Amino acid sequence: MTKKKIVVIGGGTGIYPVVSALKDLPCAISAVVATSDSGGSTGRIRDEFGFPPVGDLRQSLAALAQEGNQAWIRKLLLYRFQHGEGLKGHNLGNLILTALQDMTDSTGQALKIAQQIFHLDGQVIPVTETPVHLKIAYQDGTTRVGEHILDTNLVTTPKIDHVSLTPNCKLSSAAQKALQAADLIMIGPGDYYASLMAALVTPGLKHLLSTSNAIIIYAVNLMTRNTQTRDMTARDHVIGIERAIGRRVSLILLNNQPIPNDILKVYAQEHEFPVVDDLENDRRVLRTQLLDLTVHHAINTDTAHRSLLRHSQAKLRKVFKDLL
């Protein structure tokens with residue numbers, strides 16, 4: 001039986017459970033990943049070396065590692081140094097990929113070699129090979145450059161109008177090839193602007209998606225993010241995604257599992273709340289339990305923003321198994 005070709009689009013943390021869920025199913029996986037990250041370990045490395053950031057790419061590589069015999073590969077790729085002058089806070093996987101970038105002068109080639117070294121089944125693809133930053137345009141007319149700005153969670157943050165990539169870039173040839181061959185395209189979950197839109201606004205991608213015959217699925221985030229999606233409902237999220245890809249999505253995944261009150265209180269302190277489901281009359285919506293009840297706390301040396309809640313790998317696997 002020919003394997004279905006599935007492309008997952010987004011950032012590192014958000015699509016990690018999606019890639020992890022798909023790797024156990026009869027499909028060929030390609031993760032097309034945003035490359036505008038400018039915070040944490042990956043931001044420090046890109047400032048020093050000038051290569052496209054690898055943090056989100058590295059997380060998708062780790063997600064491809066199989067349980068059991070490849071568990072240590074995943075641990076190595078995700079390992080973050082807790083001590084050491086100069087090393088503290090850095091991620092080992094980021095350093096490995098940066099070394100391969102330096103040796104090959106190509107992010108795409110570095111990823112291919114890493115996949116061969118670690119015997120990973122699937123491919124991780126940068127959405128563009130050009131070093132880019134996220135340019136954020138706010139509704140008050142101001143603009144700022146740098147994805148890390150979205151980690152500054154201030155109550156008075158103006159609402160975002162749109163984002164773009166700077167300088168000019170183009171869709172990587174590998175991403176173009178994967179998208180053209182896709183039977184199913186999964187968008188998200190993940191930070192709406194910092195991960196999803198950061199990939200979707202890449203020049204050339206909208207045309208490919210708008211003319212694709214693939215089924216397109218969009219997974220709505222569990223929570224709003226004060227610096228990105230304050231007061232945005234599920235419908236607002238979907239409208240924005242469809243505007244970015246130039247067509248309607250085929251299926252919308254929405255979590256309907258209650259979130260524990262103690263976790264809601266922590267989010268509320270950051271002015272972040274569950275995404276309101278106002279898609280009651282939309283027949284494309286699949287409502288199901290998708291919540292991973294494990295609370296993901298960032299370690300002290302990790303300076304990037306991390307969500308406490310994630311989608312469940314096991315629950316996503318069941319959804320995809322039924323779809324396939």
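For the range 4-323, the extents of the C-alpha atoms along the principal axes are 53, 44, 40 Å, listed from largest to smallest. From the alpha carbon centroid of the range 101-162 to that of the range 170-196 is 13 Å. Counted without the sites themselves, the longest stretch of the chain free of GluC sites (Glu not before Pro) in a DSSP loop having at most 14 other beta carbon atoms within 10 Å is 86-279. Of the trypsin sites (Lys or Arg not before Pro) found in the range 225-264, the ones in coil according to DSSP and having at most 12 other Cβ atoms within 10 Å of their Cβ are ARG248.
Using alpha carbons only, the radius of gyration of the range 68-209 set against its Kirkwood radius gives Rg/Rh = 1.00. Shown in residue order for the range 55-60 are the 3J(HN,Hα) couplings computed by the Karplus curve 6.51 cos²θ - 1.76 cosθ + 1.60 at θ = phi - 60°: x, 5, 4, 4, 5, 5 Hz (x for Gly and Pro).
Taking 0.36 nm per residue of separation and subtracting the Cα-Cα distance, what length does fully extending GLN82 through ASP278 add?
Contour length minus Cα-Cα distance gives 66.2 nm.
Across the chain, the relative contact order, built from alpha-carbon pairs under 8 Å that are at least six residues apart, equals 20 percent. Note on the chain: with charges restricted to the Cβ of Lys and Arg (+1) and Asp and Glu (-1), its dipole about the Cα centre is near 800 debye. When the range 4-323 is described by a simple charge dipole with +1 on each Lys and Arg Cβ and -1 on each Asp and Glu Cβ, the residue from PRO274, PRO189, THR229 located farthest towards its positive end is PRO189. Think of the range 17-176 as a dipole: +1 on every Lys or Arg Cβ, -1 on every Asp or Glu Cβ, centred on the Cα centre; then among SER173, ILE136, ILE45, ILE45 lies furthest on the positive end.
Given only helices, namely DSSP H runs of n ≥ 4 each adding -39500 (n - 2.57), what is the per-residue ellipticity at 222 nm of the chain, to the nearest 500 deg cm²/dmol?
Values: 11 runs with 110 residues, N = 324.
Computed ellipticity for the chain at 222 nm equals -10000 deg cm²/dmol.
Placing unit charges on each Cβ (+1 for Lys and Arg, -1 for Asp and Glu) gives the chain a dipole about its Cα centre, and among LEU76, HIS162, ASN256 the Cα reaching farthest toward its positive end belongs to ASN256.
If the segment from VAL266 to LEU324 were pulled out straight at 0.36 nm per residue, it would be longer than the present Cα-Cα gap by 17.2 nm. Only Lys, Arg, Asp and Glu carry charge here, each on its Cβ (+1 for the first two, -1 for the last two); on that basis the range 1-127 has a dipole of about 360 debye about its Cα centre.
Coordinate-derived values only; no laboratory data. Values in this document were obtained by computation on a predicted structure and should not be read as measured data. So basically every Cβ, Gly included, is an ideal-geometry build from the backbone, and we count neighbours across all protein chains shown.
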